[in-house]
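Please treat every number below as a calculation from the coordinates, not as lab data. Worth saying up front: this structure is predicted, and the values here are computed from it rather than measured. In this analysis, Cβ positions are derived from the backbone assuming ideal geometry, glycine residues included, and neighbour counts consider all displayed protein chains.
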Amino acid sequence: MTDASAARRRVVLDPHEARLDGGDVLVLRALGLGDALTGIAPLRGVRRAWPGRRIVLAAPPAVGEWLAGLGVVDAVLSTEGLRPAWCQPRSPLGGGHLAVNLHGRGPESHRLVLATGAARLVAFDSPAAGHSGPPWHPDEHEVDRWCRLVRAAGGDCSREDLRLPAPAPEVSEADHAPSARDAGPPVVLHPGAAAEARRWPLARWTALARVLVEEGNRVVVTGSAAEERLCNAIVDAVARPEVLSMAGLLDLSALSRVVAGARLVVCGDTGVAHLATAYGTPSVLLFGPTAPDRWGPAIDTDRHTVIWHGDGNGDPHAGVLDPALAAITVGEVATASARLLAAHGTA
């Protein structure tokens, strides 16, 4: 192993051996890609509030390591949800550090970070956890909420801190797709979502892909390995060489490059939507149960079209398609896509 690769591996700390001290800031945001991306702005505020201190992010390792590679944090304490390996009756993490809860309003998440031996907690007010802090506002945009918390602790940050620099280009499988040189950068379709409530129907994704190809676009369909069958079904149904599935082939860095280099992204309320926001890639976003004024694009709103027919009362974790998402037609998504491509989507 080279020195560089060893250093990268050490970014993810062994939860059974990691030690924190008074010079460290432990930040809890043990959530997925979309939550991590909306957390970049307050994390930058944490860096400004406590410059020179090591920022350790408690998060899923893949997302955390990616953020460390961007310089947003310095190290990652691996966790899946609020049941991390390092959560013991007597914390093995040492103590005396500062803890920042960017995960939730408490009390459970507050108690978790306090159990690490933190000397101070920055978090929202939670009488049940015995902590006094700024009040929680349930209808606040996700980015504004956490920036407000960090600003109250002295860390300047705002929506503008969501921006990410364009990643270094790298030759990918998508670049070798038929007609890639003629069609230019692709339109990215990301049909998957964590819950059925936020998954637009397969037949509509297929119809949209057909329209995009007929209008002269190259289409790349992205998804996780678990979504490979879904993505391949779109490619097989369209049966055109301009449509390629990259499901299961992209790690987070590679996915970022694909999104950053796309002409347009079309997806639901997922982490890929927040990647498009961070890189300034035009996007058409299909919202269902969740209100976009809480999770929609927070910057460059002219580059992003949100389609939503809901009232904000749906369940984003439900096992059936949300009626608001079901109300979105192929025609309105195709029209919105064409408008953005005409305005912003040239190569």
* Counting only DSSP beta bridges with both residues in the chain, what percent are antiparallel, rounded to the nearest 5? -> 5 percent
* Structure fact -> Under 5 Å from the placed amide H of Arg54, counting only residues 5+ away or on other chains, we find Val25
* Asked: Given 25 °C and 0.890 mPa s, how large is the Stokes-Einstein diffusion coefficient of the stretch 11-158 in µm²/s, with Rh as the Kirkwood radius over Cα pairs?
  -> 165 µm²/s
* **DSSP beta bridge pairing in the stretch 11-158, given as percent antiparallel to the nearest 5** => 5 percent
* Asked: How much length is gained if the chain between Thr329 and Asp74 is pulled fully straight, taking 0.36 nm per residue apart and subtracting their Cα-Cα distance, in nm to one decimal?
  -> 87.4 nm
* Asked: Can you run phi through the Karplus equation (6.51, -1.76, 1.60; θ = phi - 60°) for the stretch 108-113 and list ³J(HN,Hα) in whole Hz, with x for Gly and Pro?
  -> 4, 5, 4, 5, 4, 6
* Structure fact -> Counting only residues 5 or more apart in sequence or on a different chain, those whose built amide H sits under 5 Å from that of Leu250 are none
* Asked: Computed FRET efficiency, Cβ-Cβ of Asp302 and Asn232, R0 30 Å: what is it to the nearest 0.05?
  -> 0.30
* Give the peptides 273-284, 290-301 in descending order of average Cβ contacts within 10 Å, highest first. => 273-284, 290-301
* What nm distance separates the two modelled labels at Ala343 and Arg54, each placed 7 Å from Cα along Cα→Cβ? -> 4.7 nm
* Asked: Karplus couplings for the stretch 257-272 from phi (6.51 cos²θ - 1.76 cosθ + 1.60, θ = phi - 60°), rounded to Hz, Gly and Pro as x?
  -> 5, 5, 5, 5, x, 7, 6, 7, 10, 10, 7, x, 7, 9, x, 4
* Asked: Under a 5 Å amide H to amide H cut-off, with H placed in plane at 1.01 Å, what residues pair with Val221 once short-range neighbours are removed?
  -> Leu189, Leu244, Ser245, Met246
* Can you tell me how much longer the chain between Asp156 and Ala203 gets when fully stretched, taken as 0.36 nm per residue apart minus their C-alpha distance, in nm with one decimal? => 12.4 nm
* Asked: By how many degrees, between 0 and 90 and to the nearest 10, does the Cα long axis of helix 142-152 differ from the longest principal axis of the chain?
  -> 30 degrees
* To do: Kindly rank 327-338, 56-67 from highest to lowest mean number of other beta carbons found within 10 Å of each residue.
  => 56-67, 327-338
* To do: Per residue of the stretch 319-335, in order, report the coupling 6.51 cos²θ - 1.76 cosθ + 1.60 (Karplus, θ = phi - 60°) as ³J(HN,Hα) in whole Hz, putting x for Gly and Pro.
  => x, 10, 4, 6, x, 5, 6, 4, 6, 7, 9, 4, x, 6, 5, 4, 5
* To do: Between Ala166 and Asp251, with labels modelled 7 Å along Cα→Cβ, what's the label distance in nm to one decimal, could you check?
  => 2.4 nm
* Per residue of the chain, what 222 nm ellipticity follows from adding -39500 (n - 2.57) for every DSSP H run with n ≥ 4, rounded to the nearest 500? -> -9500 deg cm²/dmol
